[in-house]
Structures are given as C-alpha cells and as structure tokens.
1. Given the DSSP H assignment, sum -39500 (n - 2.57) over each helix run of at least 4 residues in the chain and divide by its residue total; what's the result at 222 nm in deg cm²/dmol, nearest 500?
2. Going Cα to Cα from LYS50, which lysines come in below 20 Å? Please leave out same-chain ones fewer than 8 positions away.
3. Any chance you could look up the accessible area of GLU333 with a 1.4 Å probe, heavy atoms only, rounded to 10 Å²?
4. Using a cut-off of 19 Å between alpha-carbon atoms, which lysines can reach LYS271, once sequence neighbours fewer than 8 places away in the same chain are excluded?
5. Quick one: if you stick a label point 7 Å off each Cα along the C-beta vector at GLU44 and THR243, how many nm between them?
6. Could you check the simple spin-label distance between VAL209 and GLN131, using points 7 Å along Cα→Cβ, in nm with one decimal?
7. How big is D for the range 154-271, in µm² s⁻¹ as a whole number, if Stokes-Einstein is applied with the Kirkwood radius of its Cα pairs at 37 °C and 0.692 mPa s?
8. Just read off the accessible area of HIS113 with the full protein assembly in place, 1.4 Å probe, to the nearest 10 Å².
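The values are calculated or read from the model by the stated rules, or taken from the named source; none is laboratory data. The model shown is predicted, which means the values in this text are computed figures rather than measured ones. When we count neighbours, we look across all protein chains shown, and the Cβ atoms used for this are built from the backbone with ideal geometry, even at glycine. With ligands, DNA and RNA removed, areas are computed over all heavy atoms of the protein, side chains included. Shrake-Rupley method; radii C 1.70, N 1.55, O 1.52, S 1.80 Å.
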Amino acid sequence: MINIKESTLLIVDDVPENLGLLFSYLREIGFNVNIAESGEDALEQIGYAKPDLILLDVMMPGINGFETCRRLKENEETHNIPVIFMTALSDTVDKVKGFQMGAVDYLTKPIQHEEVLARITAHLTLRHQQQMLEQQNRELESFAHTVAHDLKNPLGGIYSMSQLVIQNLDCWPQDKVLKSLEAIELTSTKTLDIINSLLLLASVRQQDVPMNPLNMAEIITQVQQQIEFIIKKYQGEIIISTTWPTVQGYAPWIEHIWTNYIINGLKYGGKPPRLELGATSEENGTIRFWVRDNGHGLTFEEQKSLFVPFSRISQARIDGHGLGLSIVQRIIERCGGEVGL
C-alpha cells in the first residue's frame, strides 16, 4: 500500500480555478501537492523537486501538455514519473497521442474527485510496485555477484589449502599443518557468515514474526556476552544507558541489529573505540535508539551507500561482504521503524 502522506503530486494547469479545486481536494486527503501554471513552470520545478505523479493539462499556452510530457520522458531523471493527462478532448486520436508520448492514463474534464483519487492511487501503487521490483532486481544482481565472488574466492581457498594439507601431511611439520588448518577454519567461518547473512536477508523479507514488548537492557547484555572477544580485540569501551523504554519488536532480529551496530562501532570507531548506547523519546511519540562512536565520520558518498546491500563502507580498511546494515534496515522497516545516520 502507498503512504499518501509520503506521496507528492504535481498539478499542471493554466486555469487557476482548476488548480485550486484539485489542490484543495488532494491536500485535504493528505497528499503533498505542488502546482504549476504552465509546462515551462512544471519542467523548472521538476528539475529540483521530483514528484511521485504528475496531473498534466493538455491544452495550455506555450508548451502544451503533449510537449511537456515528451520532454519529461526524454529525460533520464524524469522518464519514470507517471503522467496522467487532464483534458476536455474526447477524440480518440488525442488520447492515443498522449499514450504514445508516455502518459499512463487520461482524466476527462470536468474532473470527478472520486475518479481522480482512484486513478492516482492505482498508478502510485503500480509505481511503488515497479520500484520494489527494480530494487529486488538490483539486489538479485548483487546477490549473484556475492555468490560468484565473495563465496567463490574463500571456497576456492579452502579447497586449495585442503589439497595442500592432504598432499603434504606426511612431510610437513605439525605446526605448519596446524597453521594451515587454522587458516581453513577461519576462511570457513567467514564463508558461513556470508551464507547466514544471505539467509537472514531473505527470511526478513518473507517471514512473519510476532511483535512483543522488548527488554532492551537484557538484549544488549546478551549481545555483549556473545561478542566479548571482539570487544577485547579492539580494546573497546562501551557505555550503556541505565534506563531503556519498552518497544514492540522481535527479539532475535533486534539482537542482530545491536550486534551489527556495536561491531561496526568497534571497527570504525577511534583507537581505541569508545561507544555510547542509549535511547531518546522524540516529540512525535517514537523512540530513537542510537549508537555513537568516536570515529572520524563518513563522507557524503559513504553515507549514501551505507544501507545499500553488498556495499562496503571501505574495502581498504575493513573486510566484509556488505550485507550487515542492509539487513538492519530491512529488519527495522519490517518492525515498523526507520534507520538513519
């Protein structure tokens, strides 16, 4: 389902009365609505504020609706925005021309409010589903790359090292055999971690889980115990709030989130890392749980890819498969929340 309050519409019409009526009706429903009185004005606005859908009048002075639509569809940045023409024309030839220009639908004036809402909702839903499918396709391509690269390399290493050990078992000294077996174990652990992360990413998308009140202090204590060796490895200091608000969630998933955030803070924090964990009540009634570290921060480009599946913050500094924060985002959204930096 689409979220009306998060959807922005652009109405383009040179008649102020038409603009006013549609604007008032759609704003009252909850849409964010922008208006333009000409094709030129619309193209200029879209250059810096892209709407989710455009209601476009056909007959306008200057650049008419057909030409405006043609320019939108030729632009790589705007060609996917759904356009619904509004026109008093009933000639089939004009409608066919509109569809040839790339419009997704027609509304015949005078506009009926119930009809315009139904058509807007339908096409926003289709666009949302299209965007989800495009995202899934990108993730599928990244998944294939991960399987082909991130799994192929360690599995190849395991196979090669195992062959060496087998071939030289009688002539290698015990310490060399042990060192090789330890390398095989370490690589196997990394491979298993990739597989488990991929399985969790898939299960979060598909699995329905019960949402129950969470004892956040208990969850964080369990996480600390599980990653104690990592905390010692980085000589990290973790400062934890003494009070935690109760929220709804699925404890095993939330435990994974804290594990991921804390380990990230240890890896990318200062030397030694110092982490603070806490929660803040927001004015809108939500709770913001947060982790702060003493690292040097992230560039704008790094911030943009932070929650993108299979993206690494810095390949040069830290090894990894780039799934952790994308899984965090998927979990939080399934629990009805948001993630951010």
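1. -17000 deg cm²/dmol
2. Result set, ordered by chain and number: LYS5, LYS73, LYS304.
3. Here the accessible area works out near 100 Å².
4. Cross-link targets: LYS232, LYS233.
5. Placing both labels 7 Å beyond Cα along the Cβ direction yields 5.3 nm.
6. The modelled label-to-label distance comes out at 2.6 nm.
7. Values: Rh = 17.6 Å.
The diffusion coefficient I find is 187 µm²/s.
8. In the full protein context, HIS113 sits at about 70 Å².
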